[in-house]
Structures are given as C-alpha cells and as structure tokens.
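Peer 1: So that we are looking at the same thing, I have put the structure below in structure tokens.
What follows draws every value from the coordinates through simple rules; no lab data is involved. Small disclaimer: the values here were computed from a predicted structure and weren't measured. So basically every Cβ, Gly included, is an ideal-geometry build from the backbone, and we count neighbours across all protein chains shown.
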Amino acid sequence: MTTTTDAGITRAEYCVIACAEVFRGDGEVMASAFGTAPALGARLAALTFAPDLVLTDGDAALVAGVPPLGAPPADLVLESHMPYRKVFDVVWSGRRNLIMMASQIDRTGNQNISAIGDWARPTAQLVGVRGAPGNTVNHPTSYWVPNHSTRSFVEQVDVVSGVGYARAGAAGPAATRFHEIRAVVSNLGVFDFGGPDHTMRLRSAHPGVTVEEIRSATGFELDVPAAVPETRRPTDDELALLRDVLDPRSLRDREVAP
Amino acid sequence: MTDKRLSLDDLVGELRSGMTIGIGGWGSRRKPMAAVRAILRSDLTNLTVASYGGPDVGLLCAAGKVKRVIYGFVTLDSIPTDPHFKAARQRGAVEATEVDEGMFYLGLLAASQRIPFLPTRAGLGSDVLRVNPGLRTVTSPYDDGEELVAMPAINLDAAIVHVNRADQRGSGQILGPDPFFDELFLGAAVRRFVTTERLVPTDELPAGGPIQTLSISRLLTDGVVETPGGAHFTACVPDYGRDEAFQKAYVAAAGEPDAWAAFHRRFLEVDEAGYQRAREEAAAERASATDGGGAR
C-alpha cells in the first residue's frame with residue numbers, strides 16, 4: 001500500500017515500464033526477457049514504441065503479434081522456427097536484446113548465475129554460467145533484480161558469468177566490440193554504467209523509494225547524480241494495455257509486492 | 001543390411017569405466033533416461049559426462065558414477081537446479097568443466113568436424129577462462145587481429161540421445177520442436193547410440209512428420225534401443241510432456257536421506273520395465289490421493 005502512488009500505480013508497474021524502456025529504439029531484434037517484469041516490459045514495448053521487436057514463444061519459435069503473459073500455446077501464432085542451435089546464430093550476429101536475471105551484480109556490471117562462494121567448491125551451486133559469457137560480448141544485455149539488497153548488489157561477484165565493462169576492457173577489442181550492458185532494473189530503481197570508468201550509476205528511483213534506501217541496499221559505492229529523477233510514470237494507455245491485455249491476472253504483483 | 005537393434009544391457013555393455021560420455025537433450029527435455037537408469041544399475045564408474053545438463057547429470061552424480069561434468073548449466077527447467085548436482089558440487093564430489101552453452105556447442109561441432117578447436121567471442125572476459133586454466137585464446141591471422149577464445153573439441157568416447165521414432169538401421173526422427181544438439185553429440189562420439197520411443201519400419205518414418213524431422217541419419221548411429229517412456233520424467237513432446245509431479249517428488253526425495261533411499265528402492269533398483277510400472281503406480285496413487293481429497 002505504501003508503495004502505490006496517488007495514481008494507484010504499483011511498484012511492479014514501474015518495474016515493467018523501466019524494463020520496456022530497455023527496448024526503446026530497437027528495430028527488428030529478438031527480445032529475450034527472463035522474469036515477469038522483463039517479459040511484460042518487452043511485450044509492452046512491442047505493443048507501443050518498439051513495434052518491430054521479435055518475441056519468442058519461450059520454446060523453439062518466434063511468435064507473431066504480442067501474446068499476453070501465460071497465453072496458452074494453442075493461442076500463439078508461430079512465425080519462424082528458432083531452436084537453440086539457431087538461437088546461437090542470433091546471439092552471435094547481435095540481433096538480440098536481452099534482459100537476464102542476476103543472482104549477483106557488481107559495480108562494473110559483472111553478473112553471476114554460476115555459484116556463490118569459491119567456484120571450486122561453492123557454498124551454493126546455482127544453475128551455471130549458461131549463455132551469459134557469450135551474450136554479454138555479442139549483443140546488448142540488461143539485468144533484472146527483483147530483490148535489490150547488499151546480497152545481490154555486491155562489490156565483486158563470486159563468479160563472472162555475464163561480463164562487465166572492466167573485464168571486457170581487459171580482455172581486449174574482441175570483447176568490447178559488441179559489448180553493452182544497457183541497464184539494470186531492480187525493485188528499487190534503474191541503473192546504468194554512466195559512472196566514472198563505466199561504473200554503476202543511479203539513473204532513476206522508483207517513486208516511493210529514497211536515494212538513501214537504494215544506497216543502503218547496495219553493497220558498493222554507487223554513482224549518484226546531484227539530481228535523481230523518478231522512474232517515469234506509465235501513460236494511461238500503457239497502464240490499460242498492461243492491466244487489461246498483457247497481465248490481467250496481475251502476475252507482476254507476485255514478483256514485486258504491491 | 002545392418003540391424004543395429006540392441007537391448008539396454010547391450011548398450012551399457014559397450015561402455016567402459018573412465019569413458020567420456022555425451023548425453024543428448026537439454027535440461028529436463030528429451031533425455032535418454034532409460035539409458036541413464038541402466039548406467040545407474042551398472043558397475044560403470046569414473047565417467048566424464050558432457051551434457052546440456054538435467055536430471056541425467058543429477059542422477060549419475062548421486063550414484064557416484066561421475067568423475068567430471070562438462071556443462072554450461074544443470075537445470076530441471078521448471079525447477080532451476082538439480083539437487084543432486086548441487087549437492088555433489090557443494091561437497092566437492094565431482095570435478096567440473098563449466099563453459100558457456102555456446103562454447104559447448106562449438107566444442108561438439110569441432111569434435112564432429114575433427115578439428116582441434118573453433119574460435120568464438122563467448123568466454124572472453126568471463127570467469128570461464130579463470131576456472132578452466134587449460135582454455136587458450138587464438139589470434140586471428142587476418143588484418144583484424146582479434147583475440148578470440150579457442151574452444152577445444154569435446155571428443156566423446158560415446159554418445160546417447162533419445163528420439164521419438166527410429167528404425168532398426170539407426171535413422172532417427174525427432175518430432176518435437178527442437179532437435180537440440182543431438183546430431184552433434186553423435187557426430188562428436190566414437191560409439192553412438194540412439195534410444196527411441198518406438199521402432200518403426202523405415203517406410204513408416206516419413207509419415208510421422210516432414211523430412212526435416214528425420215534429423216538423425218544412420219551415418220551417425222551404431223546402435224538403437226527401443227525404450228517406450230525412455231525419456232521419462234523429462235519431456236518428450238509430442239509423445240508426452242514432462243512429468244512435473246514426478247520431477248517434484250524426485251527433488252523432494254533428494255533433500256532427505258530416508259526419502260531418497262525409498263525413491264531409490266522403488267524406482268532405481270528395478271529394471272526398466274519395473275521402473276515404468278512403478279512410475280505408473282505412483283501416478284495412480286497421486287491421482288487417487290487427489291480424488292480422495294476432493295471427495296472429502
């Protein structure tokens with residue numbers, strides 16, 4: 001209740017609009033979005049300001065149109081075959097814009113989904129690096145962290161899966177050529193790497209969140225501009241699309257509590 | 001005309017301890033689980049397992065069959081991680097070669113093309129290079145001079161994949177939407193095995209689906225085993241989806257020694273026919289438990 005604004009917009013809805021903004025300006029690229037807010041953001045962008053975005057069915061196909069979240073497979077119109085082997089063609093050609101999750105993210109944009117602790121014998125084995133190393137050096141990549149805390153925003157990640165700016169720079173031109181960590185969206189705010197030497201900068205705070213709150217939930221020195229804007233409010237049209245068309249069951253509020 | 005039909009025991013008899021074995025499928029999808037279960041019952045040990053990992057990796061780790069896992073991930077799809085693999089890694093019980101999933105693809109491709117490596121950007125700047133100190137980079141011999149990761153061939157002693165239909169000469173048909181990397185697992189291996197939901201006469205294969213579903217050619221296979229339900233509890237669409245209830249029970253049992261002992265006795269200390277009976281009985285028990293709840 002405390003996180004809704006006068007207009008009744010929930011925190012999750014600000015997260016969705018922040019994720020949608022990640023796809024602004026994209027032409028015909030494959031949008032891959034993991035997590036509820038990113039999945040809704042990609043769809044909302046496709047329905048509004050990024051109409052050429054290419055969405056997937058989450059299995060082995062590209063879909064026509066913009067299906068609601070959780071639409072039954074029978075309702076989807078498949079327009080192209082996209083098995084995993086072809087996904088790598090897309091990834092390595094750069095025709096993709098991706099929002100992945102991050103168990104840990106650090107000041108220079110490294111992400112970890114591999115393991116917590118010493119990789120050789122981790123205290124917690126996670127899923128593995130998956131495609132994060134290849135994604136990050138081939139096409140724009142952003143991250144979604146629904147539980148912003150000093151455990152997820154850390155000084156240095158334990159296992160560099162997704163490659164940040166300093167690591168890419170040290171690896172040389174082949175690594176930096178197509179590297180872009182576009183944004184980090186959390187339940188508290190939106191971040192980019194416009195700080196000194198491509199370090200994480202606070203770009204906007206979601207309404208109802210203070211800069212102090214964000215600072216104390218972040219395990220490293222965050223670059224904070226003198227004036228921090230609020231994450232933009234969704235338009236009435238965007239809200240209607242989100243609430244009535246894309247997510248009538250409010251799955252978004254299960255990921256980020258209202 | 002070569003008849004490549006084998007039994008599961010024949011297949012396992014072709015394997016040796018210490019081998020590097022590739023397992024097809026992806027996560028908890030179209031895994032050759034009947035063959036994995038047969039390996040669990042065998043004396044094989046000290047295996048290196050290369051896999052787009054799912055419960056195949058978890059079960060083999062739990063049984064102490066595995067020396068090393070080569071992987072980009074191990075996941076049950078609808079459940080993020082496999083509990084046995086997680087436990088084995090956290091105990092330090094298995095060695096690990098963790099690479100980007102695209103690097104894994106290139107490793108299989110290089111092996112299937114009999115070349116030592118393939119270059120890629122994937123891996124540059126990441127800890128994949130730190131945790132695999134044997135990985136090397138290669139500098140482009142052309143004017144760009146880019147320094148790329150040289151992903152080495154993942155050469156396999158044996159590979160096992162599971163398909164929807166096959167004939168006795170070893171042509172395989174994949175009817176689901178994604179052939180994954182099964183063709184490359186076979187191409188990368190010395191001994192190549194296909195397990196199948198159903199063996200059919202060759203002239204019935206084309207009726208099953210368009211020509212591109214016939215993606216496993218007999219050039220790539222040495223043995224074929226008919227194992228109905230052989231991917232259970234992973235998905236084998238369109239024949240069947242993932243058995244989510246069974247997978248949940250597998251995960252729940254893995255977390256508790258007594259429950260795992262009971263799971264092991266019921267499902268893994270029996271032959272394949274016994275497994276298929278036991279899992280049908282378990283499904284019937286779940287269904288009647290649900291009905292009972294509804295009736296009250």
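Peer 1: For region B:1-55 and region B:67-132, write down the distance between their C-alpha centroids in whole Å.
Peer 2: 18 Å
Peer 1: For labels at B:Thr45 and B:Thr137 in the simple 7 Å Cα→Cβ model, what's the distance in nm?
Peer 2: In this crude label model, B:Thr45 to B:Thr137 measures out at 4.2 nm.
Peer 1: Among B:Tyr52, B:Tyr71, which comes first, then next, by fewest other beta-carbon atoms within 10 Å? All intermediate terms of the calculation are to be shown ahead of the outcome.
Peer 2: Values: B:Tyr52 29, B:Tyr71 24.
Fewest-to-most ranking of B:Tyr52, B:Tyr71: B:Tyr71, B:Tyr52.
Peer 1: Enter the Cα centre distance for the pair region A:1-70 and region B:191-267, rounded to the nearest angstrom.
Peer 2: Comparing the Cα centres of region A:1-70 and region B:191-267, I get a distance of 35 Å.
Peer 1: Averaging sequence separations of C-alpha pairs under 8 Å and six or more residues apart, then dividing by the length of chain B, give the relative contact order as a whole percent.
Peer 2: Details: 613 pairs, mean separation 57.6, N = 296.
It comes to 19 percent, rounded to a whole number.
Peer 1: Can you pick out the pairs among B:Lys67/B:Lys248; A:Lys86/B:Lys31; B:Lys4/B:Lys31; A:Lys86/B:Lys248; A:Lys86/B:Lys67 whose Cα atoms lie more than 29 Å from each other?
Peer 2: On the way: B:Lys67/B:Lys248 26 Å; A:Lys86/B:Lys31 20 Å; B:Lys4/B:Lys31 20 Å; A:Lys86/B:Lys248 31 Å; A:Lys86/B:Lys67 32 Å.
Over 29 Å Cα-Cα: A:Lys86/B:Lys248; A:Lys86/B:Lys67.
Peer 1: Using the reciprocal of the averaged 1/r over all distinct C-alpha pairs, how large is the Kirkwood radius of chain B in Å? Let's see the in-between values first.
Peer 2: Numbers: mean 1/r = 0.0503 Å⁻¹.
Computed over Cα pairs of chain B, the Kirkwood hydrodynamic radius comes out at 19.9 Å.
Peer 1: What is the local net charge at A:Leu98, summed over the other residues whose Cβ is closer than 12 Å to its Cβ (Lys, Arg +1; Asp, Glu -1)?
Peer 2: Values: positive: A:Arg95, A:Arg96, A:Arg130, A:Arg182; negative: A:Asp26, A:Glu180.
Residues near A:Leu98 contribute +2 overall.
Peer 1: Tell me the net charge near A:Leu76. Cut-off is 10 Å between Cβ atoms, A:Leu76 excluded, with +1 for each Lys or Arg and -1 for each Asp or Glu.
Peer 2: Details: positive: none; negative: A:Asp57, A:Asp59, A:Asp75, A:Glu79.
Result for the local shell: -4.
Peer 1: Once you keep just the Cα pairs under 8 angstrom separated by 6 or more residues, what percentage relative contact order results for chain A?
Peer 2: Numbers: 540 pairs, mean separation 55.1, N = 258.
RCO, chain A: 21 percent.
Peer 1: Grab the DSSP H runs of chain B that are 4 residues or longer, score each as -39,500 (n - 2.57), total them, divide by all residues and round the 222 nm result to the nearest 500 deg cm²/dmol.
Peer 2: Working: 11 runs with 100 residues, N = 296.
Only helices count here, giving -9500 deg cm²/dmol.
Peer 1: Hey, what's the Kirkwood Rh for region B:157-296 if you take every pair of different alpha carbons, in angstrom? It would help to have the intermediate numbers written out before the result.
Peer 2: On the way: mean 1/r = 0.0596 Å⁻¹.
About 16.8 Å, per the Kirkwood formula over Cα pairs.
Peer 1: Sticking with this structure for a sec: What order do you get for A:Asp236, A:Asp57, B:Asp127, B:Asp143 when you list them from fewest to most C-beta neighbours inside 10 Å? List each step's numbers first, then the result.
Peer 2: Numbers: A:Asp236 9, A:Asp57 17, B:Asp127 23, B:Asp143 6.
With the sparsest Cβ surroundings first, the list reads B:Asp143, A:Asp236, A:Asp57, B:Asp127.
Peer 1: Fewest Cβ neighbours within 10 Å first, please rank A:Phe220, A:Phe191 accordingly. The partial results should precede the final answer.
Peer 2: Numbers: A:Phe220 15, A:Phe191 29.
The most exposed by this proxy come first: A:Phe220, A:Phe191.
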